[in-house]
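Peer 1: Have a look at this one.
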Amino acid sequence: MAIDIGRIGIWAGVLDAHPTRDVQVACRELEAMGYPTLWIPEAVGRDPFVAAGTLLAATERLRLATGIANIYARDPMTTVACQRTLAEAYPGRFLLGLGVSHHHLVERLRKHDYSKPLSYMQEYLRAMDAAMFAAVGPAEDPGRVIAALGPRMLETAAAQASGAHPYLTTPEHTARARATMGPDALLAPEQMVVLETDADAARAIARQGLAVYLRAPNYQRNLRTLGFDDSDWADPKAASDRLVDGLVAWGSTAAVRDRVAEHHAAGADHVCVQVLRADLTIPVAEWRELAGALLAD
C-alpha cells in the first residue's frame with residue numbers, strides 16, 4: 001500500500017453540517033497540528049470523493065481516507081476511477097475505505113438488494129480488480145480498506161484488501177480482529193471520545209452520539225459478541241452506562257490517550273479518533289487539546 005496514514009487519525013462525521021470553505025479551514029488547522037490523516041464518511045450527505053478532493057486541494061500533507069464509501073452507491077468501475085484519480089493527483093494522500101453500509105441506507109433509501117452484503121462485497125472487490133481505467137493512474141497501488149466487524153468480513157479485508165476499518169468497537173474487538181486477519185493487514189479502528197470529566201455530562205454527550213448507531217442490526221450483532229446485550233440499547237437514546245463506557249472514551253486527554261493505547265496494544269496500526277460534542281461545532285479546539293497527548297510520540 002502506497003499511503004502511510006500514521007498511528008493516529010481523526011474521524012469526522014460533523015463536517016457535512018458546515019460549508020466546504022469552513023471545512024477546508026478546519027483541515028488546514030488539523031494539518032498544522034500534526035495529524036496525518038482525516039477520515040470522512042458517506043451516508044446521505046456530500047459525495048465522499050468530491051469532498052476528499054476539495055480537502056486534499058486545500059491542504060499540503062494531510063491524508064484523506066473514506067470511512068466509508070458505500071459500495072451500493074456506485075459501480076466498481078466508477079469507484080476505481082474515483083480512487084485512482086485522487087491517488088494520482090495527490091500521491092500518497094488518499095486511502096479508499098469501502099463498506100456495505102446498513103440495510104436502511106441501502107434497501108430503503110437506495111432501493112438495492114441488501115440480502116447478501118458479504119458476497120456482494122467480495123464480488124465488488126473482484127470487479128474492481130478487473131475494472132478498466134485508461135487514464136494516467138498512480139505510480140503505486142494506493143491500497144484499500146473495508147469496514148469489517150465479523151470474522152468473515154475481517155477475513156475478506158485481509159484477503160482482498162489492505163486491511164480493515166472497524167467502527168463502533170472496543171480494544172477487545174481490535175485484538176480479535178488482529179487475530180483473525182493475521183499480522184500483515186492494516187487495522188484501523190475508530191474510537192469515539194468525549195473531552196468532559198463530569199460523568200453525567202460526558203455520558204449524555206456520548207449517548208447522543210451513539211443513538212443513531214444503536215438502531216443498526218450490524219452494530220447490535222457485533223456488540224453482542226463483545227458481551228453486551230439488548231438491554232444495553234433497549235432505548236437507543238439511553239444506552240447503558242457500561243455500553244457508553246465501553247464504546248466511548250470520556251474524561252481527560254490522558255483517559256483518551258490510554259484508550260487509544262489499548263487499541264494499539266491490541267494490534268491496531270492506526271486509531272482514528274472521533275470527538276463527540278453536544279452540538280455540531282467542528283471540534284477544532286478538542287483536536288488541538290488532544291494533539292499534545294496523542295501525537296507526542
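Bear in mind these aren't lab numbers, they're just calculated from the coordinates by the rules spelled out. Bear in mind that the values here come from a model prediction, so they are computed numbers and not experimental data. Neighbour counts are summed over all protein chains in view; Cβ atoms, including those assigned to glycine, are modelled from backbone coordinates with ideal geometry.
Peer 1: Cα-Cα pairs above 16 Å in the range 133-216: how many percent?
Peer 2: I get 62 percent for the Cα pairs in the range 133-216 exceeding 16 Å.
Peer 1: For the chain, with the dipole built from +1 on Lys and Arg beta-carbon atoms and -1 on Asp and Glu ones, taken about the Cα centre, which of 179, 130, 97 lies farthest toward the positive end?
Peer 2: Farthest towards the positive end: 130.
Peer 1: In debye, nearest 20, what is the charge dipole magnitude of the range 8-294 about its Cα centre with +1 on Lys and Arg Cβ and -1 on Asp and Glu Cβ, if you could check?
Peer 2: Computed charge dipole of the range 8-294: roughly 500 debye.
Peer 1: Moving on to the next point. Per residue, how big is the convex hull around the C-alpha atoms of the range 1-149? Give it to me in cubic angstrom, could you?
Peer 2: 112
Peer 1: Which order do 111, 116 fall in if you start with the one that has the fewest other Cβ atoms within 10 Å?
Peer 2: 111, 116
Peer 1: Using 0.36 nm per residue, how much length does the chain from residue 284 to residue 29 gain when fully extended, once their Cα-Cα distance is taken away?
Peer 2: Here the segment from residue 284 to residue 29 would lengthen by 91.0 nm.
Peer 1: Right, here's the next one. Of all trypsin sites (Lys or Arg not before Pro) in the range 197-297, which ones are in loop regions per DSSP and have a Cβ with at most 12 other Cβ atoms within 10 Å?
Peer 2: 237
Peer 1: Among 81, 25, 142, which residue has its Cα positioned farthest towards the positive end of the charge dipole of the range 8-294, with +1 placed on the Cβ of Lys and Arg, -1 on the Cβ of Asp and Glu, and the dipole taken about the Cα centre?
Peer 2: My answer, from the dipole projection, is 81.
Peer 1: Further, regarding this structure: Full-extension gain between residue 135 and residue 226, please, as 0.36 nm times their residue separation minus the C-alpha to C-alpha distance.
Peer 2: My answer for the length gained is 28.2 nm.
Peer 1: Over every pair of different alpha-carbon atoms in the range 8-294, take the mean of 1/r and invert it; report that Kirkwood radius in Å.
Peer 2: 19.2
Peer 1: Taking the Cα-to-Cβ direction at residue 198 and at residue 44 and moving 7 Å from each Cα, how far apart do the two end points lie in nm?
Peer 2: Output for this residue pair reads 3.3 nm.
Peer 1: Okay, next question. Apply the Debye scattering formula to the range 67-137, with a single equal point scatterer on each alpha-carbon and no solvent, then give log10 I(q)/I(0) at q = 0.23, 0.26 Å⁻¹.
Peer 2: Reported log10 I(q)/I(0), two decimals: -1.03, -1.19.
Peer 1: Nearest 20 debye, what's the magnitude of the dipole of the range 1-125 about its Cα centre given +1 on Lys and Arg Cβ and -1 on Asp and Glu Cβ?
Peer 2: The calculation lands at about 40 debye.
Peer 1: Classify the range 1-45: rounded, prolate or oblate, from the alpha-carbon gyration tensor (a ≥ b ≥ c, eigenvalue square roots; a/c under 1.5 rounded; otherwise prolate if a/b is larger than b/c)?
Peer 2: Because a/c hits 1.5 or more and a/b fails to exceed b/c, the range 1-45 counts as oblate.
Peer 1: Still on this model: Rounded to the nearest 500, what is the 222 nm mean residue ellipticity of the chain from helices alone, with -39500 (n - 2.57) per DSSP H run of 4+ residues and division by all residues?
Peer 2: Dividing the helical sum by the residues of the chain leaves -13000 deg cm²/dmol.
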